[in-house]
Amino acid sequence: MATEIELKLRLPLNCVAQVQRSPLLKSLSISPSVTRNLYTVYYDTSNLDLRGNDVAFRLRRSGRRWIQSIKGGGSAAAGLHQRYEWEAPVPKPQPDFTKISDPSLIRLFDNADLREQMRPLFITECKRRIRTLRLSGGGEAELCLDQGRIVAGDASMSFCEIELELKSGSPLPLFQLALDLLHTIPLRLENVSKAERGYTLASGIESPPLKATSVQLVAEMSVNEAFKAIAWNCLGHLHSNEAGMLYGGDIEYLHQIRVALRRLRSAFNIFSRAFSKAAFAPMAQELRWLAGQFGPARDWDVFVTETLADILPHFSDHPGILPLQEKCEQIRCRHNDDARSAVESAHYTELMLKLGAWLSADSWVTSSDLMGLDNRVGVDGPGGSGGLGGPVKEFAGTLLAHRHRQLKKYGRKLAKLNPAELHAVRILAKKQRYAGEFFAGFYSQKKVKAYIKSLAKLQDILGVVNDTAIIEQLLSEVPGTRDERSEHEAVGIIRGWVASKALAKKLELTNAWANFDKSSPFW
């Protein structure tokens with residue numbers, strides 16, 4: 001079964017002619033532009049059984065021909081979609097299950113009830129302009145400029161996008177071409193397929209906020225291969241929540257984007273020790289900028305929807321609480337707007353394309369790294385263990401053991417640590433948790449879960465302790481609280497509430513640490 005690799009880019013409708021006239025695309029074209037009208041029908045059951053199996057089944061008419069296609073699996077990150085694709089011509093616009101030859105698909109569709117219940121769910125109508133491009137490095141890609149609409153019953157939505165489907169060579173030139181086009185055309189990454197948009201339109205149900213999925217690593221992987229797998233996984237986590245963050249109302253989308261970004265930055269921190277920190281620095285700096293765009297919005301989300309929401313029922317009669325809440329809600333909305341503006345910016349699109357190109361090019365690997373001559377391995381600098389040429393499991397064990405020892409050192413003096421030092425413990429615990437989750441597949445799942453659970457408990461307690469400093473900073477942003485006596489009192493109530501909660505949590509810290517201290521390392 002073939003694997004389809006394509007970079008999807010969204011563009012404004014008024015830019016279609018500009019793309020058609022692009023001197024860059026004309027210079028790369030090795031075939032004339034051909035226009036086709038495509039009519040595609042997507043099938044599923046009323047219970048969306050195919051979608052539940054991560055499968056899209058469609059019939060497409062192109063000219064007088066009908067093609068039956070099945071797509072599924074894979075991933076989408078930084079606009080790059082990778083999934084398997086199976087297709088065959090059929091004589092008429094009806095599913096023909098006898099044409100399916102792949103064993104895994106035969107097993108899925110060898111179900112009489114499933115076949116009987118499959119019905120047209122939505123359609124796409126599209127004008128497609130196609131040309132073949134010669135890419136740098138000698139590879140080829142098919143550029144499809146699609147303009148059309150998705151229809152499900154009485155509901156419809158339009159789309160205008162570019163698909164750059166890789167025919168040969170590396171994905172790297174796809175990102176380079178998109179970056180070149182971005183200089184003159186306001187492109188955006190499109191991480192949601194037409195099929196996914198069609199399902200949302202047909203069901204009326206938005207994709208919920210998605211948590212991170214486990215990283216598929218094998219012990220024989222090199223350190224370099226493992227880093228790429230983890231980085232793409234983190235990007236997929238980020239981009240799976242992007243549309244919801246921009247257009248949905250649930251604050252969890254932003255939270256998951258921020259978690260994905262933290263995981264990615266943690267991966268950079270882990271693997272920059274195995275390669276060259278200087279090679280990672282430019283991308284790491286850009287990711288730090290992006291984290292700065294999300295941090296205030298998330299802090300205000302938590303403060304308003306959790307902290308204030310807990311306090312309000314107990315002080316609903318206080319005259320300063322509601323006015324203060326209204327001011328805080330306005331600030332929260334402003335920071336959320338800033339976060340959305342960052343994601344919608346050309347800077348963000350450029351960053352993600354550069355990151356995709358960077359990952360595709362192995363930009364951080366030197367020739368000495370690839371030859372196994374560079375001994376900047378593990379976590380302790382020269383002389384460490386777990387080299388680039390060796391299995392990643394050895395590298396993982398060295399890293400996890402090193403960070404575990406660092407946490408143990410803090411634990412010996414936990415009661416004496418000041419707030420800044422406790423925050424440092426929390427950050428280290430979080431990094432160790434992410435590393436444990438990245439490499440979990442190598443070890444006993446029972447032991448991993450117990451260790452991660454003890455870290456998570458420790459992290460949560462230290463987070464509440466750290467909230468005192470964060471909320472103090474947030475309250476300083478609220479205007480007029482010193483002028484209005486009732487609001488000034490309300491601020492005092494909040495400070496007292498948060499301090500009391502932090503003190504109670506701090507009393508739990510000793511037990512949480514003892515639980516972590518006796519947890520067995522799983523590596």
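Structural remarks
- Tabulated pairs, the stretch 304-320, first outside any loop (DSSP other than H, G, I, E, B), second surrounded by 11 or more Cβ atoms within 10 Å (Cβ to Cβ) and not β-branched (Val, Ile, Thr), C-beta under 7 angstrom, 6+ apart or interchain: Val304/Cys328; Val304/Glu329; Val304/Arg332; Leu308/Gln325; Leu308/Cys328; Ile311/Trp497; Leu312/Gln325
- Identity of the residue in the stretch 126-146, among the basic types (Lys, Arg) and surrounded by 16 or more Cβ atoms within 10 Å (Cβ to Cβ), that ends up nearest to Tyr39 (Cα to Cα): Arg128
- Among residues of the stretch 238-297 being of a type in the set (D, E, K, R) and not in a helix (DSSP H, G or I), the one that is farthest from the chain's Cα centre (by Cα) is Arg273.
- Qualifying residue in the stretch 188-209 (condition: part of a helix (DSSP H, G or I), at pLDDT 95 or above, among the hydroxyl-bearing types (Ser, Thr, Tyr) and assigned by TED's automatic domain parsing to the domain that holds Trp358): no
- Candidates Ser519, Ser500: the one that is over 25 Å from Val218 (Cβ atoms) and in contact with a Phe, Trp or Tyr (Cβ under 7 Å, 6 or more places away or on another chain) is Ser519.
- Residue tally, condition in a helix (DSSP H, G or I) and free of Cβ contacts under 8 Å to residues at least 40 places away in the same chain, over the stretch 474-515: 14
Here's the yes/no breakdown for (1) at positive phi; (2) of a type in the set (D, E, K, R); (3) within 31 Å of the chain's Cα centre (by Cα):
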{"site": "Leu50", "(1), (2), (3)": "no, no, yes"}
{"site": "Ser69", "(1), (2), (3)": "no, no, yes"}
{"site": "Gly79", "(1), (2), (3)": "yes, no, yes"}
{"site": "Gln82", "(1), (2), (3)": "no, no, yes"}
{"site": "Pro95", "(1), (2), (3)": "no, no, no"}
{"site": "Asp102", "(1), (2), (3)": "no, yes, yes"}
{"site": "Cys126", "(1), (2), (3)": "no, no, yes"}
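- Looking at Lys393, Lys447, Lys408, just one residue is out of contact with any helix residue (DSSP H, G or I) (no Cβ under 8 Å at 6 or more places or on another chain) and over 24 Å from Leu261 (Cβ atoms), and that residue is Lys447.
- Considering the stretch 498-523, the residues that are of a type in the set (A, V, I, L, M, F, W, C) and touching an Asp or Glu at 6+ places or on another chain (Cβ under 8 Å) include one that is farthest from Cys328 (Cα to Cα), namely Ala502.
Conditions (1) touching a residue at least 60 places away in the same chain (Cβ under 8 Å); (2) not assigned by TED's automatic domain parsing to the domain that holds Asn47, marked per residue:
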position: Gly138; (1), (2): no, no
position: Leu143; (1), (2): yes, no
position: Ala155; (1), (2): no, no
position: Ile162; (1), (2): yes, no
position: Ser170; (1), (2): yes, no
position: Leu182; (1), (2): yes, no
position: Pro186; (1), (2): yes, no
position: Trp232; (1), (2): yes, yes
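- Residue within the stretch 14-21 that is assigned by TED's automatic domain parsing to the domain that holds Cys160 and over 17 Å from Leu143 (Cβ atoms) present: yes
- Residue list for the stretch 452-497, filter: closer than 28 Å to Ser316 by Cβ, among the small types (Gly, Ala, Ser) and surrounded by fewer than 19 Cβ atoms within 10 Å (Cβ to Cβ): Gly463, Ala469, Ser476, Gly480, Ser486, Gly492, Gly496
- Every residue from the stretch 234-262 that is within 20 Å of Gln82 (Cα to Cα) and either touching a residue at least 40 places away in the same chain (Cβ under 8 Å) or out of contact with any Pro (no Cβ under 7 Å at 6 or more places or on another chain) (or both): Cys234, Leu235, Gly236, His237, Leu238, His239, Ser240, Glu242, Ala243, Ala260
- Filter result for Ala260 (within 26 Å of Gln445 (Cα to Cα) and surrounded by fewer than 20 Cβ atoms within 10 Å (Cβ to Cβ)): no
- Checking Leu114 against (1) in contact with an Asp or Glu (Cβ under 7 Å, 6 or more places away or on another chain); (2) within 30 Å of Pro171 (Cα to Cα); (3) modelled with pLDDT of 95 or more, the condition it does not meet: (2)
- Hits in the stretch 263-285 - residues which are farther than 17 Å from Ala361 by Cα, crowded, with 18+ Cβ neighbours inside 10 Å and in contact (Cβ under 8 Å) with a residue 40 or more places away in the chain: Arg263, Ser266, Ala267, Ile270, Arg273, Ala274
- Which numbered condition Ala424 misses (of (1) under 25 Å from Pro313 (Cβ atoms); (2) surrounded by fewer than 16 Cβ atoms within 10 Å (Cβ to Cβ); (3) at pLDDT below 95; (4) of a type outside the set (Asp, Glu)): (1)
The values are calculated or read from the model by the stated rules, or taken from the named source; none is laboratory data. What you see is a predicted model; the values in this text were computed from it and never measured. Cβ sites come from the backbone with ideal geometry, for glycine too, and all protein chains shown count toward neighbours.
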